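The values are calculated or read from the model by the stated rules, or taken from the named source; none is laboratory data. Computed from a prediction, not measured in an experiment: that's the story for all the values here. Reconstructed Cβ throughout: ideal geometry from the backbone, glycine too, with neighbour counts over all protein chains shown.
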Amino acid sequence: MGKNILITGGAGFIGSHLIKLFVQKYPNYQIYNLDALTYAGNLESLKDIESADNYHFIHGDITDLDFIGQCFKKHAISDVIHLAAESHVDRSISDPLIFIKTNVLGTASLLQAARDNWGSQPGHLFYHVSTDEVYGSLGEKGFFYEDTAYDPRSPYSASKASSDHFVRAFHHTYGLPVVLSNCSNNYGPHQFPEKLIPLFINNILEKKSLPVYGKGVNVRDWLYVVDHARAIDNIFHKGSVGETYNIGGHNEWRNIDLIKLLCKLMDQKLGRSPGTSEKLITYVKDRAGHDMRYAIDASKIKKELGWEPSLQFEEGLSLTIDWYLENKDWLENVTSGSYRDYYEKMYEGKLT
Ligand code: NAD
Ligand code: TYD
């Protein structure tokens, strides 16, 4: 059956992979990519599919309710997959208000537009893409389950938690058909080089310091971005309305171990002698309120929908490094201008 799907944040990291998957796999769907093109949005990431007949770009802001309402009407939007967000924890620490505006007000505006336009008609779905960070921070043992109590600790995770609550509230109060997923840390091509993996790939390339927060012992659970897009596809088509699905790869790494693996692979690929990149590691002041460990239990999505990650971590990391090495222009484009100013201000005087 044909659908007119509004995907928000499609010029960002995960959104661009999801758009490529949907545009190519579902020629009978019309895909509308709504994105404000903030520093994190880059249409270059969508070059492969930009001329496809079923792909359409809409430049706009999810906090603008009138505009969103017009989009719903003009394109007879049948479904929403909502990814647009401010997504970087460090930025949320230095500037929390924009996270509240985009992530909370933006999500609430989309929900309101969906409610206004869909009423109680059947055949619609509002899919909200969220993060495991809403569950808080784990100690050495245990996992996040779908029913783990929310305990967000950074302005980013607090804003995502709030948006999740609004999505569920619109379901319970107004009967809006919703589904949610909470995913662990993603990595892969097209990720903006402020997040750990692409930042460090970029710095190794440029022989700049690798700023490890605190002692580097915090743990993250990494998933290749294409596997996340596959999981969203599964949930969108087979998930049950009102349900939440955790997505993760059972792939926990202490930051410092991951960074050393990255240094080793980069030395091999760049033809540098072993140990060269590790010398760039610089321990810096810890992130304020730094969550210690994230780890997802993804057995529900595996059992109910048959989804599993397809790639081993070393394989995915190697593919990711290769992509950045082959796309230095992309890196240069996104790191010039305001991002470079932000980055240089953040580490002023501390880094080479
Ligand atoms: P990203 O920062 O790479 O992209 C966000 C996109 O949203 C950008 O294209 C940006 O231009 C757009 N955007 C921002 N504000 C907007 C606004 N007001 N109106 C319209 N568009 C706007 O983010 P990402 O890493 O691709 O994350 C996508 C979603 O997935 C987010 O909701 C995030 O919370 C969630 N998530 C991310 C991860 C991860 O590891 N990156 C993990 C789990 C969940
Ligand atoms: P990040 O990629 O920002 O994702 P998140 O904070 O959402 O998990 O960071 C991943 C981990 O790497 C996190 O524990 C913080 C750490 N980190 C550093 O040590 N140095 C850095 O420069 C960055 C960006 C992150």
Tell me, please, whether a residue that is away from ligand 1 (no atom under 15 Å from the Cβ), in contact (Cβ under 8 Å) with a residue 40 or more places away in the chain and assigned to a helix (DSSP H, G or I) can be found in the stretch 24-37.
-> yes
Which is of a type in the set (Ser, Thr, Tyr), within 16 Å of ligand 2 (Cβ to nearest atom), on the phi < 0 side of the Ramachandran plot and in contact (Cβ under 8 Å) with a residue 40 or more places away in the chain, of 109, 87?
-> 87
Quickly run through the stretch 244-298 and pick out the residues that are in contact (Cβ under 8 Å) with a residue 40 or more places away in the chain and in contact with a Cys (Cβ under 8 Å, 6 or more places away or on another chain).
-> 246, 247, 248, 277, 280, 281, 296
Only one of 181, 162, 87, 92 is at pLDDT 95 or above, surrounded by 23 or more Cβ atoms within 10 Å (Cβ to Cβ) and not in a strand (DSSP E or B), namely 87
List, please: which pairs have Cβ atoms under 6 Å, are six or more places apart or on different chains, and start with a residue in the stretch 193-220 that is over 15 Å from residue 267 (Cα atoms) and acidic (Asp, Glu) and end with one that is away from ligand 1 (no atom under 15 Å from the Cβ) and modelled with pLDDT of 95 or more?
-> none
Given (1) under 18 Å from residue 230 (Cβ atoms); (2) within 15 Å of ligand 1 (Cβ to nearest atom); (3) touching a strand residue (DSSP E or B) at 6+ places or on another chain (Cβ under 9 Å), residue 49 misses just (2)
Of these, 279, 302, which one is more than 16 Å from ligand 1 (Cβ to nearest atom), part of a helix (DSSP H, G or I), within 25 Å of residue 214 (Cβ to Cβ) and of a type outside the set (Val, Ile, Thr)?
-> 279
All positions within the stretch 146-186 that are basic (Lys, Arg) and either closer than 18 Å to residue 221 by Cβ or within 16 Å of ligand 2 (Cβ to nearest atom) (or both) = 153, 160
Candidate set from the stretch 194-208 (those that are over 15 Å from residue 326 (Cα atoms) and not in a helix (DSSP H, G or I)); member that is farthest from ligand 1 (Cβ to nearest atom) | 207
Give 189, 211 a once-over and let me know the one that is assigned to a loop (DSSP other than H, G, I, E, B) and either away from ligand 1 (no atom under 16 Å from the Cβ) or surrounded by fewer than 22 Cβ atoms within 10 Å (Cβ to Cβ) (or both).
-> 189
Looking only at residues in the stretch 214-242 that are of a type in the set (A, V, I, L, M, F, W, C) and surrounded by fewer than 18 Cβ atoms within 10 Å (Cβ to Cβ), which one is farthest from residue 130 (Cα to Cα)?
-> 217
Output the residues belonging to the stretch 67-84 that are assigned to a loop (DSSP other than H, G, I, E, B), more than 18 Å from the chain's Cα centre (by Cα), of a type in the set (Gly, Ala, Ser) and on the phi < 0 side of the Ramachandran plot.
-> 78
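Could you grab me the full set of residues in the stretch 43-66 that are in a helix (DSSP H, G or I) and surrounded by fewer than 16 Cβ atoms within 10 Å (Cβ to Cβ)? Don't jump to the end; show me each part of the working.
Looking only at the stretch 43-66, we keep the residues that are in a helix (DSSP H, G or I), and these are 43-49, 65-66.
43, 44, 47, 48, 66, listed by residue number.
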Mind listing whichever residues of the stretch 97-117 are buried (at least 22 other Cβ atoms within 10 Å of the Cβ) and hydrophobic (A, V, I, L, M, F, W, C)?
-> 99, 110, 111, 113, 114
Within the stretch 142-149, identify whether any single residue is of a type in the set (Ser, Thr, Tyr), under 22 Å from residue 98 (Cα atoms) and not in a strand (DSSP E or B), and answer yes or no.
-> no
Output the number of the condition that residue 176 fails; it satisfies all remaining conditions of (1) assigned to a helix (DSSP H, G or I); (2) buried (at least 21 other Cβ atoms within 10 Å of the Cβ).
-> (1)
Can you name the condition, by its number, that residue 180 falls short on among (1) in the same structural domain as residue 278 (by TED's automatic domain parsing); (2) within 13 Å of ligand 1 (Cβ to nearest atom)?
-> (1)
